[in-house]
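Visitor: For reference, the structure I am asking about is given below.
Values in this text are rule-based calculations from the coordinates and carry no lab data. Just so we're clear, the structure is a prediction, and the values are computed from it rather than from any experiment. Every residue, glycine as well, gets a Cβ built from its backbone with ideal geometry; the counts of neighbours run over all protein chains shown.
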Amino acid sequence: MPVSTVPFIQEPPLTVQADAARRRIEELLRAEEELILPRWHAIAKAPADELREIYLALLSGFQEGEDLTEVRGALAELSRSRARQGHTPSDTARAVFGLKEAVYETVERDGTAEALLGFTWFSRLIDDLGLFTFESYASAREKIILDQAEQLLELSTPVVKLWDGIVAVPLVGTLDSARTQVVMEKLLQTLVDNGAEHAVIDITGVPAVDTQVAQHLLKTVFAARLMGAECVISGIRPQIAHTIVTLGIEFGDIVTKASLADALAYMLRRRGIEISQAERPRIAVRTEHR
Amino acid sequence: MTGDGPLPIVSNADIVAVRQQVRTAAVESGFSLIDQTKVVTAASELARNALVYAGGGQVRIEVVENARRRGLRLEFHDEGPGIPDVEQALTDGWTTGSGLGLGLSGSRRLVDEFDLDSVPGKGTTVTVTKWAR
């Protein structure tokens, strides 16, 4: 008999065999649920009810011709809840892989050739599902990071009222185009809302002022000016002053101050507000406990 | 810091990372606060140039030493369009983009040694050195 015909003879039985093998695993999963589930629970160290949900979803998925949508949904939920409890994604994946061990014990006891063959298929399936928990963990993380970046953008640019008609923006950290946009919008809106005519942009928290940052600052000041407000830039520390001069950036007629206090004093003077020191001496009372 | 290989510059976040790395290296090399700020600002300018005008590049940060003092050498390299007229590019206020036109000329003033090597169509390498005082 020519050798080349062998695959043709063997192939159909193989698929039939594979089908039988899958069915055998399915039967085992269904019949031995009472044995497998507690065993899986012991190996995985994950909440029993969530494992049961995944298990049942897996069974009903098999019934509908390997439709694993529901299983994936349950796994994503498991991945999320475990991440919240501080488990690593490896822990979660390992918990899923634990089902292989639990099922293998049953397969071994069953001892049929179908079950053993089916286990290879089952184990590949569980590997995929384990990796899926990893993926959903990563995408959940990604979403958190994106949300936080957005929140940070909002949080890091407060506009505070210093005095009637005087607002201040304390800038902290890196000033890129996106943040400057937010700062500018917020500042201009606050000027309108508060009817303020004076604004202080404090850059004490900005570690380095390069040409881009300077350009963003200048644009913000000019935009405020167009609205009839006067801006002062404060928080220029010695090293920043040095660098700005060396770079050759000119701030033109924009008033700059070393500290926020200087800027406030300047603004108050501009508004004609005088602050005088009280003449009455202040008495500090201190008590000591022995 | 040295021997870590070049840092990539492909996004705005990378410019922030370059600044942070250069600041760490400057602190370790004993730079004064003013010199730290200067070299960090120069790094920021040159990294942004690589990103904006060449679409990205890389930087190698090296701690160098001569007989008397320690310094920091930064080598920015990109494979962008290159600079056709270096003289003009180093003029204050000249820009082909939308910036202030002070990045390149300003960085030259911020550091002690400045070397610009550009081949039109091939790319640009800017090497700067700043010595601790």
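Visitor: Please check: in the Gaussian network model of chain B (C-alpha springs, under 10 Å), which one of B:Arg109, B:Arg68, B:Arg19 has the largest mean-square fluctuation.
Guide: Between B:Arg109, B:Arg68, B:Arg19, it is B:Arg68 that shows the largest mean-square fluctuation.
Visitor: I've got another one for you. Which of A:Met227, A:Met267, A:Met184 moves the most in a Gaussian network model of chain A with Cα springs under 10 Å?
Guide: Looking only at A:Met227, A:Met267, A:Met184, the biggest GNM fluctuation is shown by A:Met227.
Visitor: Convex hull over the Cα atoms of chain A, averaged projected area in nm²?
Guide: Convex hull of Cα atoms, orientation-averaged projection: 33.3 nm².
Visitor: Now for a different question. Distance between the C-alpha centers of region A:231-256 and region B:28-107? Whole Å please.
Guide: With region A:231-256 and region B:28-107 each reduced to a Cα centre, they are spaced 20 Å.
Visitor: Give the shape of region B:1-63 as rounded, prolate or oblate, defined through the alpha-carbon gyration tensor: a ≥ b ≥ c are the square roots of its eigenvalues, a/c under 1.5 means rounded, and otherwise the shape is prolate if a/b is larger than b/c and oblate if not.
Guide: oblate
Visitor: Pick out which of B:Ala26, B:Ala54, B:Ala43 has the largest mean-square fluctuation in a Gaussian network model of chain B, springs linking Cα atoms closer than 10 Å.
Guide: Looking only at B:Ala26, B:Ala54, B:Ala43, the largest GNM fluctuation is found for B:Ala54.
Visitor: For chain B, what is the convex hull (Cα atoms) projected area averaged across all directions, in square nanometres?
Guide: 7.6
Visitor: If R₀ is 56 angstrom, what is the calculated FRET efficiency for the pair A:Ile273 and B:Thr96, using the beta carbon separation as r and rounding to 0.05?
Guide: 0.75
Visitor: How high is the relative contact order of chain B, in percent, with contacts defined as C-alpha pairs under 8 Å that are six or more residues apart?
Guide: Relative contact order here is 26 percent.
Visitor: Still on this structure: Averaged over every viewing direction, what's the projected area of the C-alpha convex hull for region A:3-150? Give it in nm², one decimal, please.
Guide: Directional mean of the projected Cα hull area for region A:3-150 stands at 11.1 nm².
Visitor: In degrees from 0 to 90, rounded to the nearest 10, what is the angle of the helix A:6-31 Cα long axis to the longest principal axis of chain A?
Guide: 70
Visitor: Which whole-Hz couplings ³J(HN,Hα) result when phi for each residue of region A:249-260 is put into the Karplus expression 6.51 cos²θ - 1.76 cosθ + 1.60, θ = phi - 60°, listed in order with x for Gly and Pro?
Guide: Result, rounded to whole Hz: 7, 10, 8, x, 8, 6, 6, 10, 9, 6, 9, 4.
Visitor: Kirkwood hydrodynamic radius, computed over distinct alpha-carbon pairs, for region A:160-270: how many Å, to one decimal?
Guide: 13.9
Visitor: Per residue of chain B, what 222 nm ellipticity follows from adding -39500 (n - 2.57) for every DSSP H run with n ≥ 4, rounded to the nearest 500?
Guide: -12000 deg cm²/dmol
Visitor: Still on this structure, please answer the following. With a 10 Å Cβ neighbour count serving as the proxy for reagent exposure, in which order, fewest first, do A:Lys186, A:Lys45, A:Lys100 appear?
Guide: A:Lys45, A:Lys186, A:Lys100
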